[in-house]
Structures are given as C-alpha cells and as structure tokens.
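**Q** Would you mind keeping the following structure in view while I ask a few things?
Quick note: the coordinates plus some simple rules give every number you see, no bench work behind them. Here the structure is a predicted model, which is why all the values come from computation and not from measurement. All Cβ positions, even for glycine, are placed from backbone atoms using ideal geometry, and neighbour counts span all protein chains on display.
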Amino acid sequence: MKHLSVNKLATACASALLTGGMLLHISPAIAATAAGTQIKNLATVTYEDTNGNKYSAQSNEAIITVKQVYSAEIGSDTTKLAAAGQVVYVQSTLTNTGNGEDKYTLAAIDDNTLTGDNINASSIKVYLDSNGNGLADAGEKELSATDVVSLLAGQSASIVMAVAVPNTATAGDKLGAKLTATPTSGTVTDISPSKGADAADGTNQTLITVSNDAILNFTKSAVIDSVNNQITYTLSVTNTGNQTAADVKFFDAFPTGTTFVTGSASASGLLVANNDALPVSTTLNETDTAVAVDVNRDGDKTDTALTGIYALDKALAPGQTASITFKVSYDPATFNNDSIPGSAGDVIKNTAVVTGDTDGNPATPPQESPSNSTQTTLPQAFKVSANDTGENTADAINDGKDDNAANDVQLVQSAPAGSVVLFNVDVTNTGTGRDTFELSMAGSTFPAGTVFTYWNADGTVQLVDTNSKGGVDTGMLEAGTSTTIMVKAQLPASATTGGTATFTATSANDPSATPQKDTTVLQLEAVTAPGVDVYENNPAKKGSSVNEDTLGAAPYNVNKTGQNPGDRVALTGVVGGKVEIPFYIDNGSGSSDSFQLTAGSSLVAGTVGALPAGWSVLFYKGDGAGHATGSPITSTALLPAMSNGHEYVAVVSIPTDPAYALADYVADNNGDGTKDTMLANADTDGDQPIFIQIKSANSNASDIMLDAIDVTPLAQVTLTPPGSNQIQPGGSVDYTNSLDNTGNTTETVELTATNSKSGESWNNTVKVPVDTDGDNKPDVFKTLAELAPGDVIIGIDPNGNPARIEVTDTDGDNNPEVTLEPGEKFDLSATTFAPSDAAPGTTDILTISATNVKPSSPSTTVDNASTVILGQVRLEKSVAYDAACDGTPDGAAGQEFAANLTAQVAPKECAIWQIKVENQGDADALNVIVRDKVPAFSTFVAGSMKYCIDLGCSPAAVTDGVDADAGKFVDPDITFYAGSTPNPATDKGGKLLPGQQATVRFSTKVN
C-alpha cells in the first residue's frame, strides 16, 4: 500500500501556492486537546488536632490520558449535465476534524442506487488535486484504492473524481458515481444535506444527466504582466452540447483593488452583426432581472454596484467557442489584501459566470455556469534606498550622526587615531515585498588597516549573515520599512588622515543578474592623536610621566619594586563590605576626550578579564579626598586636552556569600595557566587583584593600573534546615539536612548524630551519597557509621557542579571527618525511628553535629524534632471514565476508579475525580478541608460536586456555590468541607473521627 503523507507533498504544495492553487488547508488552531495528552491531578487536605495544631497532607497523583478522536468530513453531493463522451470532473474536500493524525483511502465506483441511474461510466478515476482547481491536471497524482492520504488534525485535501460519460449515452440517460473515503478509524461524515442521496457517511455522490441540449463549458485563465502591473483575463465558453445556446451572457466583477484598463477588452466569436454585445466595462446590478446571478460569488444576489465586464453571445452553436479578453491593472506600491505588508505574494482571486438559454424553453430559467476560480500571485518588485541621515548637527561628536546636510554623504568631522568611527546609514526597502539587503564597503581611502563592521542602530548588536549568503545583511525588512545601520570604522593606532568609503546595500532576493542596490558615501575628515594615564591618587604623580604605576611583567603584583612603583599595599575588606579605590586620570591627548571605566581580576593579552562571581565595581567621581561622590558612572566626563589629576573612585562590593569572597584567593591572573597567589601585604594568604582600565570613548587610547583587596577571614559552617514532623508509635519519619560551608575559609568537621530519647529506644540513621566508581555520581548511600577513610561523598560546589568530598578520620575515633571548601555542601538523609510504646505528645530531638577539628573555628548542629501523634489523615485520589458526562462512572462495578486510568478519555468526554479522606489515627481530626483545582486541558462540569461521609457511602450532590453545604467551586478552586458539623460560611471544616472516611467527587470535561 502506498502511503501519501501530506507533509511529503510540501514541494507540490509550494508549487500550487505559487500558482494560486491549494493542496491543503490547516486550521490555525485545533480546538480539541491533542491525542495522548496526560491530564494529572492531586488534592490537598488540611486539618487540626484538638490543641489547634495544624497539619496538611497531599494525595497521590491521578492521571487520565486523552484519547484520539477519529473524525473527518467530506462534501458534498452534486449534480452535473454532460454530453455523451464527455469527461466530467467532480471536486470534493476531505477534512480531518479529529485531534490527531489519520489516514484515508479513496475509491470511486459507479453508483446504480441513485434515482434514474441507467448507465455506467466508461471509466472513473480519482486524483489528488494539488492546485485545487477542480480539474485533473497533468502531473497530478492519480490515487489507486490502496494509496493512503495522511492528514494531520485540521488539515484538508482536495479530491477530484474524473467520470467519463460513454459515447453511446443518449439524452436523458443518468449516470451515478460515488466517491468513498475510508479512514483508518472512526467515521468520515458526509456534510451533504441529510448525508446525501444514500443518507450514509463517508461518501459523496454525483448524478450526471446526459443532455442533447446546449451544455456550457466555461473556463477562465489569468496571465500576469508584472512589467506593466496588469492581469489579462480570458473567459472562454464552449457549447459541448447538441443544441444552440441562446443569449449567452458573460459576467465578471473586477477583483477588489484592481482597475479596468480602458480599451483592453476584446472578443473572439462575437459579432455585432449577429446582435452580439462586445465586452464592455459597466456597473453590474445583481438584483436586475437582466443579471440575476451572484456575479462576485459571495453567496448572495443583492450587490447593486459591482464594476465588471459584460458581454453577450446571442447564439452559440454546438461545438462553437466564444471568448472575451480584458485587462485590469493594480498598483504594486499600494495593493495589499493580506496581513503582510506589501503586494508581493498577494493572491488576486476571481471567478466569472455565464448564463444562457440551453433548452430553448422560455419557461425554464437560464443555465448558470461559474468558471473555475483563478488565483493570481503578484510578483515582487525589488528596490532599495541607502541614505545618509542628514541630521546636520555639526557637533563634531563621534556618535554616528551626520555632520552636514542630506546629500548622500555621511560625514564625521574628526576622530582620534585608533578609535572607532561611527556612521549611521538609513536602509529602506522600497520594493513591494519582504527582502534582505547585503551590506558591503568599497572604494575605501581610509588609512590602511581600517576595519568596517556593521551594527544595529544603537551600536550594541553586531549584524550577521541571516540568510546564509556569506555576507553581513540587514535581516528581513518588510516592504516600506527602514532600518538604521551603524557602520563602525576601526582606525589603526597609526592613523593620521581621514578618508572616504562607499557603503552599498544590495537586494539579496532579487534574482536578476544585476540585483537592485543603492549607495551612500562615508567620510571622515580628520584624525587626532590620543594619550591617557591612570594611577593611584598621589598628587606628586600628576602629569609627571607618560605612564605612572606601570604594571610591569607578569606575574602581576602591587608595590613591586621595578615593576609597579605604586605606594599602597592591599586594601582590607570584609565579606559583604565595600572598599574604595581612588585614582587619578591624565588626558594627554590633543583633544577633549571621555574614558570608559572597567574593572576585572585578570589581564590577558591586554584585555581585562571579568571579576569573580559575586564581585562588582561601581565608579564614581572623587570628592578630592579619595571618597566617592554623586551617582555611579561608567565613563568619565569629557576631560579637557592636556589636563591631569582628574580624581575618580572605584567602589568594590565584596560578595555577601562568603563562598565568593575567599580569604585566600588563588587564581591565574595573567593567562599563563598557572594559579597565582598575590601577596600584596604582610600576611600569607592570597589577595584579590583589581585591575582598573580606562579606555577612550573615541579611540583605543587606554591605560591599566592594579590594586588588591585582602578579605578578612570568616570561618562558618551550617547544618540546615531544622526539621519538625509527626510520627506514630512504632513508625518512622524522614528529614533532609544540608551541611554547608557558608564561610570563606576551608573547614574540616567531624560528623555525629544522637537522639535525645535514645534511652527510651528511639533510634536514627543518617545517610550520605557516596561515589564508589569515580564518575562523580552517587551510587550508594552510607550511614555515618559505615563511612570509612577514603570514601568520597558527592556534594555540590558554589556553581552547582559535583564536589568530591573525601572522608578522613585523623583522630581514629571512628567518626567521619569531611573537609569543605568555601561554598561546598552536601545532603544528609536522616530517619528517626519511634518505639512502639512511644506516648502521644512525646518529642524526640535528633541532633546532627558537625564539630570543627580546630577548637578556635566554629562548629554547627541541627535538630530534627519528631512528635508522637495519634491522629493522621490520609488522602487517596483516583479517577473514572464518564463518556456520557452524566455523572455515572463507566466500567465494571467496583473497578471504575483507578489512580492511573487505563481507559482513555476523548475531548468532550468527562472524567470523574474521586478523593477518599480517612482519619487513620486514633484521635479526632478537626477542621478537615479538602482542596483541589481543575486540571489543565479541562473544564469544570457544573453541578458535578458530590460528597458523603462514612465507609462505603454513596456520594450525593452538593451545590457549587458558596453556601452552607459541604462543597464550593470558585474557578479554578474546588473545596470540600469534610467531616461532621462543618461551617463553610466561616471556611471551617468538620470533624473526622478515628477510622472515619469521607468521599468527595467532581467532574471535568476534556477540552
């Protein structure tokens, strides 16, 4: 069996769309929930004990799966007239109206059941109508009875049945033909009135009557002239019958948005001498008895002022053809009949109609024959404009704006050597459809080594190749829209003169040998020399040398003789604190300049690297005394030429998380692959380097200085969170705790666990995740007693990556010791066991301790409190199938409900959700309230809430409203007040006695 997936016909579909036809239609959204979707739901109960202590519990999760609904439709039955020997084409549309993919086979046969049928066809064939014109065109697929057509939910396909009438047929003979669509599952509904002649689904029937009268075979074609923006329509009618047709009238309304081309109408086969009327542009009134047809095919005959063509053939003999031709014009710049700007790709649809007296009987109305519908796709005109912005600001600021008039020259007056020169260019799509424009530069007289790059208007995002044509482009522009391109010209540091270059925007979609393009000139008039110095705020160094406080060679350090003659040692900071670093800037260039301020923790190949995680630096203007003032800045003010001693302050924020504020910082700060310890003061721990870089906003002129911060040690470990839960006599309860080094120093602790009621037979286990095979994943969980030196616990580091934490026992006391780096942590899974004779209200404290091996460093503990209770409410959630949505669960008695329903629920069918609430303790549960929500892909069924109390009870209806009974629905929340004597008005639940059970139900319909 051949399988014709609709998706595999994409090429044919694209071709059909280009010619105005259609293979498929896909609905923009499928209303029904997709087959296979899982709908899940769980409930929550809250309750109290007699002392007012509040408790809550969740149910298990109940699940239903959406069933596939197999549904389709085909339409519709038709009647046709034909001459003997003629092939009649009958079109039907098959649509998948289900919620999942389905497959169909199609077959056509003679239908002898139709009233009057007395002959069989010479042949009947079925075609997949790829262009939707209702004909079997050359190249379109003939479908055999075994070929399979696949349609996704919401898709449609056009099917054509070609019925050959025998040459031997005589007038009055009737020939029945039937097209049958058979789905893999489900039913194909016949949308014909009353399901058609056979009152059956899955079929379309056609009754063809053989006639000796005139038969008007009417066709229409459209040819576009994209050069002159015109469409030529040809309407041809052929009398394929045996009698002369009288008063054959042509009607065709001009498509909306088009205009008749004066003098373009002509005719073939029409003669004024024969009392024919040559085609003429006129106003057509459908209500006029001389017209009386639906000219524009909009489903009515009430339009009174349609502009169109009219012609008349007074007598059309058998075998003769009459045709008319006319032209309409359109304006590609303004035409638009869809949601996409521009006329390119717009489809102009048009259907004409002829009427005529085919039987010579004045008492019968004229035969009305519509043509096929022509669909003309408008081509795209390609055009582009590239222009200078013409702000004429004359401000001499290198900001991308034009410094003179709009003259196709984007001018910048001056820029420093080594700087990035900014030019803004406006690119406009002046064509009629979407286009992308390739960007290029030519004819440059800029200094050798100048590099041009292309950016968005703000200069923040560099443009890329969006269409895989190998060059930078604008990205897609709708017709009539503009974009501003910022061209950045990176000058070499050795530049001394300006220059010009020609910017070109070229259509990427224009298929011609010489695609449309446009140009504008970028011009830089002059280049100035830069110069800058940054150094510590020592007044004696102002302007005294070209470069104070040089970094020298790596490895970098501060106050290093011969490399960094800076005077100050590392500055001191604390976790979560701030440190001020004052510095001076000298602008030694010949022009005013502004400098961008950045800071980092490394310097590699002249580039300052990022600060460590959690560290940040803000820059401020200095107050003259080394302190920050005003608001944060990212660059300096415009500093005058040849000026010095401009004070600024870097305010360094040390992370509040000690894991990122290490007391002993060790890292590669120069890119050589070796970790460096910066010893910038008298102690022995590593200090945090702070590189401060200034860079000209108008050139590459820059300088870098170095300072360091010594973070004060903060030793700190924590065990969290403390747990609190209820436990029954003889039961157990689980807790999860986490051991975390929350300080900025490395710490080693010893782990132990004890029960406060261990003398009363309370006990515990505390387990940790251990990796035994070296893959950084835990594969066993060992108790503290089972841990041995060399075991590796798997935790996580501050970045969320696995941390390998080795177990030791340096004091030989058989209690495990672990060493945690700052920010490392791991989980401990603790379980408390109560003895069977534990008295209600008894509380045991399981204390887990992490004792620091250094007496001067901090230790930590966590307490998990377990209280014996007798009351305990549990929920059990299940769901049942209710196909009829009548509130009665389907399925075998006693087996209707399940946590994971095996029966699938189709859209528009229902699910009944059931929750059993049981007090499994031996104390009363008070204020019992069950809460739930309407699950996704579902709608609450009004009036479906039911409730009962006691084992084996049958739930009875309760109202949805906020009233005195046990149920309440406030979309999407569902609430039941369970137990005896509830008070819903005050949002209070009732009492459940030990062993007592309540059952609640509600229904939802699958969307």
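**Q** Give me the log10 of I(q) over I(0) for the range 674-801 at q = 0.11, 0.16, 0.23 Å⁻¹, as the Debye formula computes it from C-alpha points; what are the numbers?
**A** Results for the range 674-801 at q = 0.11, 0.16, 0.23 Å⁻¹ read -0.68, -1.04, -1.43.
**Q** Calculate the dipole size of the range 873-1006 relative to its Cα centre from +1 charges on Lys and Arg beta carbons and -1 charges on Asp and Glu beta carbons; express the result in debye to the nearest 20. Write down the numbers at each step before the final one.
**A** Values: 12 positive and 17 negative charges, 38 e Å.
It works out to roughly 180 debye.
**Q** While we're here: Just want the ordering: Asp971, Asp129, from fewest to most Cβ atoms lying within 10 Å of their own Cβ.
**A** On the way: Asp971 10, Asp129 26.
So the residues, fewest neighbours to most, are Asp971, Asp129.
**Q** Which of Leu524, Ile309, Val188 sits closest to the plus end of the dipole of the chain, meaning its Cα is farthest towards the positive end, when Lys and Arg get +1 and Asp and Glu get -1 on the C-beta?
**A** Ile309
**Q** For the range 349-372, list residues with backbone N below 17 Å from a point placed 7 Å from the Cα of Ser76 toward its Cβ?
**A** 370
**Q** Still on this structure, please answer the following. Quick one, can you get me the convex hull of the C-alpha atoms of the range 532-697 expressed as volume per residue in Å³?
**A** Values: hull volume 19.7 nm³, N = 166.
Dividing the Cα hull volume of the range 532-697 by its residue count gives 119 Å³.
**Q** Dividing the Cα radius of gyration by the Kirkwood radius, what Rg/Rh value follows for the range 384-528?
**A** Values: Rg = 14.9 Å, Rh = 15.3 Å.
Radius of gyration relative to Kirkwood radius: 0.97.
**Q** Taking 2.2 N^0.38 Å as the expected size of a compact globular protein, what ratio does the Cα radius of gyration of the range 418-480 give against it, to two decimals? Before the final figure, lay out each step's value.
**A** Values: Rg = 13.4 Å, N = 63, 2.2 N^0.38 = 10.6 Å.
Cα-based Rg divided by the globular estimate yields 1.26.
**Q** Shifting gears a bit: How much length is gained on full extension from Ser857 to Asp837, taking 0.36 nm per residue of separation minus their Cα-Cα distance?
**A** Going from the current span to full extension adds 3.1 nm.
**Q** In whole Å, what are the Cα extents of the range 830-968 along the three principal axes, biggest one first?
**A** 73, 33, 33
**Q** Here's another thing I want to ask about it. Taking amide H positions as placed in the peptide plane 1.01 Å from N, state which residues far from Asp703 in sequence (5 or more) or on other chains have amide H under 5 Å from it.
**A** Ile694
**Q** Right, here's the next one. Quick one: what are the phi-derived ³J(HN,Hα) couplings along the range 571-579, Karplus 6.51/-1.76/1.60 with θ = phi - 60°, whole Hz, x for glycine and proline?
**A** Karplus values, whole Hz, x for Gly and Pro: 7, 9, x, 10, 4, x, x, 10, 10.
**Q** Still on this structure, I have one more. Give the shape of the range 809-892 as rounded, prolate or oblate, defined through the alpha-carbon gyration tensor: a ≥ b ≥ c are the square roots of its eigenvalues, a/c under 1.5 means rounded, and otherwise the shape is prolate if a/b is larger than b/c and oblate if not. Could the numbers behind the result be given before it?
**A** Values: a/c = 4.26, a/b = 2.24, b/c = 1.90.
Prolate is the answer for the range 809-892, as a/c is 1.5 or above and a/b outweighs b/c.
**Q** Straight-line reach from Lys488: which lysines have a Cα under 23 Å away, not including same-chain ones fewer than 8 places off?
**A** Leaving aside lysines fewer than 8 places away in the same chain, those within reach of Lys488 are Lys401, Lys469, Lys517, Lys695.
**Q** Separate question: Just to confirm my numbers, what's the Cα centroid distance between the range 210-264 and the range 400-435 in Å?
**A** When both Cα centres are located, 53 Å separates them.
**Q** Follow-up question, since we're still on this one. List, in the order given, every pair from Lys767/Lys916; Lys141/Lys1005; Lys80/Lys103 whose Cα-Cα distance in the structure shown is over 32 Å.
**A** Details: Lys767/Lys916 35 Å; Lys141/Lys1005 42 Å; Lys80/Lys103 30 Å.
Long pairs (Cα-Cα over 32 Å): Lys767/Lys916; Lys141/Lys1005.
**Q** Taking the range 729-868, how much of its Cα-Cα pair set, in percent, is spaced more than 24 angstrom apart? Please list the in-between numbers first.
**A** On the way: 3253 of 9730 pairs.
So the pairs more than 24 Å apart make up 33 percent of the total in the range 729-868.
**Q** Please report how far the C-alpha centroid of the range 927-1004 lies from that of the range 660-710, rounded to the nearest whole angstrom.
**A** The range 927-1004 and the range 660-710 have Cα centres spaced 65 Å from each other.
**Q** Give the residue from Ile974, Trp455, Thr684 lying farthest towards the positive end of the charge dipole for the chain; charges sit on Cβ (+1 for Lys and Arg, -1 for Asp and Glu) and the dipole is referred to the Cα centre.
**A** Value computed over the given set: Ile974.
**Q** Further, regarding this structure: Rounded to whole Å, give me the distance from the Cα center of the range 769-788 to that of the range 269-294.
**A** Distance between centres, Cα-based: 94 Å.
**Q** Using the count of nearby Cβ atoms within 10 Å as a rough guide to exposure, how do Phe826, Phe595 rank from fewest to most?
**A** Details: Phe826 19, Phe595 26.
Ranking Phe826, Phe595 by Cβ neighbours within 10 Å, fewest first, gives Phe826, Phe595.
**Q** Report Rg(Cα)/(2.2 N^0.38 Å) for the chain, keeping two decimals.
**A** Numbers: Rg = 42.9 Å, N = 1007, 2.2 N^0.38 = 30.4 Å.
After normalising by residue count via 2.2 N^0.38 Å, the value is 1.41.
**Q** Separate question: Suppose every K and R has +1 on its Cβ and every D and E has -1 on its Cβ; what is the size of the dipole of the chain about the Cα centre, in Debye to the nearest 20? Provide the component values of the computation, followed by the final result.
**A** On the way: 52 positive and 115 negative charges, 444 e Å.
Dipole of the chain, to the nearest 20 debye: 2140 debye.
**Q** Give the residue from Leu820, Gly480, Ala253 lying farthest towards the positive end of the charge dipole for the chain; charges sit on Cβ (+1 for Lys and Arg, -1 for Asp and Glu) and the dipole is referred to the Cα centre.
**A** The residue sitting farthest along the positive end of the dipole is Ala253.
**Q** Could you work out Rg/(2.2 N^0.38 Å) for the range 292-371, with Rg from alpha carbons only? Each step should come with its number before you reach the end.
**A** Working: Rg = 17.0 Å, N = 80, 2.2 N^0.38 = 11.6 Å.
In units of the 2.2 N^0.38 Å rule of thumb, it is 1.46.
**Q** Taking only the alpha carbons of the range 898-1007, what extent do you get along each of the three principal axes, in Å, biggest first?
**A** For the range 898-1007, the Cα extents along the three principal axes come out at 43, 30, 21 Å.
**Q** For each of Trp762, Trp913, count neighbouring Cβ atoms within 10 Å of the residue's Cβ, then give the residues from fewest to most. Don't skip to the answer; put the middle values down first.
**A** Working: Trp762 21, Trp913 25.
Ascending number of Cβ neighbours within 10 Å: Trp762, Trp913.
**Q** Which three semi-axes in whole Å describe the equivalent ellipsoid of the range 207-344, each the square root of 5 times a Cα gyration tensor eigenvalue, listed largest first?
**A** They are 29, 17, 15 Å, listed largest first.
**Q** Summing -39500 (n - 2.57) over the DSSP H runs of n ≥ 4 in the chain and dividing by its residue number, what mean residue ellipticity at 222 nm do you reach, to the nearest 500 deg cm²/dmol? Mind showing how you got there, number by number?
**A** Details: 1 runs with 9 residues, N = 1007.
Calculated at 222 nm, the ellipticity per residue is -500 deg cm²/dmol.
**Q** Around Pro729, what is the net charge, scoring Lys/Arg as +1 and Asp/Glu as -1 over all other residues with Cβ under 11 Å from its Cβ? Don't skip to the answer; put the middle values down first.
**A** Numbers: positive: none; negative: Asp837, Asp922.
Surrounding charge for Pro729 is -2.
**Q** For the range 56-188, which semi-axes, largest first and in whole Å, follow from the square roots of 5 times the eigenvalues of its Cα gyration tensor? Before the final figure, lay out the partial values.
**A** On the way: eigenvalues 328, 47, 23 Å².
Rounded to whole Å, the semi-axes are 41, 15, 11.
**Q** Next question. Would you work out the relative contact order for the chain, in percent, from Cα pairs under 8 angstrom that are 6 or more residues apart?
**A** Details: 2913 pairs, mean separation 87.7, N = 1007.
About 9 percent, as a whole number.
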